[in-house]
Amino acid sequence: MKKQAPFLYILILLSTLSCNNSPKQAADMPNNDGQKKWWKEAVVYQIYPRSFKDSDGDGVGDLKGLTGKLDYVKSLGVDIVWLNPIYGSPNADNGYDISNYDDIMKEFGTMADFDVMLGEMHKRGLKLVMDLVVNHCSDEHEWFKQSRSSRTNPYRNYFHWWPAEKGKPAFRPGSFEVDGSGWRFDSLTNSYYLHYFSYKQPDLNWENPKLRQEIYAMMNRWFKKGVDGFRMDVIPFISKDTTFPVITEAELKEKYNGAWDQYMASGPTLHNHLQEMNKEVLSKYDVMTLAEGAGTTKATAMNLVDPDRKELDMSYHFEGVSLGYLPGEFKQMDPAGYKLTEFKKIYSDWDSVFADKGWGTVYLGNHDQPRMLTRWGNDAPEFREASSTMLTTFLLSMRGTPFYYFGDELGMSNIKFDKIDDYRDIESISMYEQIKNKGGDLQRFLNGQKIGARDNSRTPFQWDASANAGFTTSTPWLKINDNKKEINVEAEEKNPNSTLHYFRKMVKLRKDNKDMLVYGRYTLLDKNNPDVYAYTREANGEKVLVLLSFSKNGGAFNLDKMQLGEEWINNQQPLKVNGNTISLQPYQACIIKLKTSAP
Ligand code: GLC
């Protein structure tokens, strides 16, 4: 069996490139199902707690630091904070390996700090969405320690074990392992255990009702504390065919588009478990749930979020963020970049998936992705502000809840490390070792990581221009980007034209015009235009035109019969209109009310 590259990227890349389902055209669709909800109208701001603000000088962000910066968060106009895992963890994968679900990671503080933080968020009208990591836990969790101690331990079936006397188990990928295998041999009981990520992250056995009850009880405890929702880490992977049949490449190709992540997301009991979770936990509270939709496609995503099925509220797909990588290689960008026409098609098709019911999301960056500016815009100094604000305009003018990653409002960019020693991420480090062992091209790998590595977006937040950017008083856990000198909160607060102020303006515009910008019908225009992403949003008989130049050459858009009215926002004055043609400046973005109902 062919080995798989780390994490979800190659798996996802393959799975998302093609999909048999062809959604209906947005233009034929009525508006969404009309059910208004607070989480549809919200702007979510994701904070990577390790890198936001260090209050005790150990170089690691913490909850007290975050609490002290809530006025800043509030000032952005966002509604919900999604916080990456803050639970007890030995940190093999920065908190995505949980050793105690009811505790706070020592580096981040205490439960008392958490209670204060939550109270302060609620005082300011901010909601808190936590990360729920229940496909796997840490090998240092008490459950696993018990489980591995003997074959008859009561916790044995909390995990997936394969007795060695049955021979080697059938291949499953282990994303963060140098040998690519998702099984690890444990001599203590002469058995293998399953881990889809690193061996420090054993997969939980959701077929065991006792385990499920433990998870639900834990979720209930957090909801009773007052948290407002969960982002559910690789939730589509929780169900497994526990006979662990051999999967041939031919089968994988035929049924799952050649992609392991699609196989992993199609476990036989996934939807039973989610419906049970909804019944036993989620239905009791007015909370928000978001699936990390790994392995889901346009054909399967609705099953997670269809309100009639009573599972989850929203999901996020990987098709958009996978665009532009070369197939079959680990995060190597196509030297030609990505095609805007393909980008437009992806986001338009996904919009139409949820046009009738369910609800979508939109994001361009998070802790698993590089900085959106470097990946989707242009981080050269002359284009930084324009392309950042253009991408912000896109995210906040699409239908679907926007998930906005901290620091993108400042125009933070990839740090682009030269050496493997600078990386802290298990994914980069294990992949480097894998390539080294195979005698592969390490320089090529490092060059690719300058664009694709996850640590690019995990560098500390830039509060000011000082040596440690106001993040810490000691050595930060991950290097700080040198561009903190120009790109930082202090400087941008003072500059009325900064990307920071633009973000606030755009958030306000979305919130002041919810019918149009949150719920309104989306229609793609001029789909073959290689430089300009143009679309309309429409509600209550009114329409706005959104024009986004994704090119350093600007771009042109033909108005046809449309007549421009009031300009709602424009990242670069003026808007050059000559007859029917609008000539956009490089990375120009604007939203303009239309006078007529064409096109
Ligand atoms: C998710 C997380 C990622 C983590 C992985 C394993 O994809 O977003 O950061 O490494 O799951 O938990």
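Listing for the model above:
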item	result
The stretch 194-210, subset free of Cβ contacts under 8 Å to residues at least 60 places away in the same chain and away from the ligand (no atom under 16 Å from the Cβ), residue surrounded by the fewest Cβ atoms within 10 Å (Cβ to Cβ)	209
Single residue of the stretch 88-146 satisfying the filter (more than 14 Å from the ligand (Cβ to nearest atom) and in a loop (DSSP other than H, G, I, E, B)) that is farthest from residue 286 (Cα to Cα)	140
Cβ pairs under 7 Å, 6+ apart, first in the stretch 153-181 and at positive phi, second open to solvent by 30 Å² or more (accessible area, probe 1.4 Å) and more than 16 Å from the ligand (Cβ to nearest atom)	180/3
Residues of the stretch 540-569 classified as touching a residue at least 40 places away in the same chain (Cβ under 8 Å) and open to solvent by less than 10 Å² (accessible area, probe 1.4 Å), total	7
Counted residues, the stretch 368-382 - those being within 16 Å of the ligand (Cβ to nearest atom) and surrounded by fewer than 24 Cβ atoms within 10 Å (Cβ to Cβ)	2
Looking only at the stretch 284-297, and only at residues there that are more than 16 Å from the ligand (Cβ to nearest atom) and touching a Phe, Trp or Tyr at 6+ places or on another chain (Cβ under 7 Å), the one that is most open to solvent (accessible area, probe 1.4 Å)	285
Members of the stretch 479-504 found to be part of a helix (DSSP H, G or I) and either modelled with pLDDT under 95 or within 26 Å of the chain's Cα centre (by Cα) (or both), listed by number	482, 483, 484, 489, 492, 499, 500, 501, 502, 503, 504
Number of the condition not met by residue 304 [criteria: (1) open to solvent by less than 60 Å² (accessible area, probe 1.4 Å); (2) away from the ligand (no atom under 16 Å from the Cβ); (3) within 30 Å of residue 79 (Cα to Cα)]	(2)
Failed item, numbered, when residue 170 is tested on (1) open to solvent by less than 10 Å² (accessible area, probe 1.4 Å); (2) small (Gly, Ala, Ser); (3) in contact with a Phe, Trp or Tyr (Cβ under 6 Å, 6 or more places away or on another chain)	(1)
Failed item, numbered, when residue 419 is tested on (1) within 16 Å of the ligand (Cβ to nearest atom); (2) over 28 Å from residue 489 (Cα atoms)	(1)
Subset of the stretch 166-193 that is more than 24 Å from the chain's Cα centre (by Cα) and aromatic (Phe, Trp, Tyr) - its residue that is farthest from the ligand (Cβ to nearest atom)	185
Qualifying residue in the stretch 293-302 (condition: of a type in the set (S, T, N, Q), assigned by TED's automatic domain parsing to the domain that holds residue 245 and either part of a helix (DSSP H, G or I) or within 22 Å of residue 38 (Cα to Cα) (or both))	no
Count of residues meeting criterion [exposed (fewer than 15 other Cβ atoms within 10 Å of the Cβ) and among the hydrophobic types (A, V, I, L, M, F, W, C)] in the stretch 323-354	2
Selection status of residue 176, assigned to a loop (DSSP other than H, G, I, E, B), within 26 Å of residue 363 (Cβ to Cβ) and not assigned by TED's automatic domain parsing to the domain that holds residue 79	yes
Selection within the stretch 479-493 - basic (Lys, Arg) and either within 22 Å of residue 93 (Cβ to Cβ) or open to solvent by 40 Å² or more (accessible area, probe 1.4 Å) (or both)	479, 485
Flag for residue 362 being in contact with a strand residue (DSSP E or B) (Cβ under 8 Å, 6 or more places away or on another chain), assigned by TED's automatic domain parsing to the domain that holds residue 400, at pLDDT 95 or above and farther than 19 Å from residue 391 by Cα	no
The stretch 448-463, residues that are touching a residue at least 40 places away in the same chain (Cβ under 8 Å) and away from the ligand (no atom under 16 Å from the Cβ)	448, 451, 460, 461, 462, 463
Members of the stretch 65-91 found to be touching a Ser or Thr at 6+ places or on another chain (Cβ under 9 Å) and surrounded by fewer than 18 Cβ atoms within 10 Å (Cβ to Cβ), listed by number	68, 90
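The values are calculated or read from the model by the stated rules, or taken from the named source; none is laboratory data. Given the structure is predicted, the values throughout are model-derived calculations rather than measurements. Cβ atoms come from the backbone with ideal geometry, glycine included; neighbour counts cover every protein chain shown. All accessible areas refer to the heavy atoms of the entire protein, side chains included, with ligands and DNA or RNA removed. Shrake-Rupley method; radii C 1.70, N 1.55, O 1.52, S 1.80 Å.
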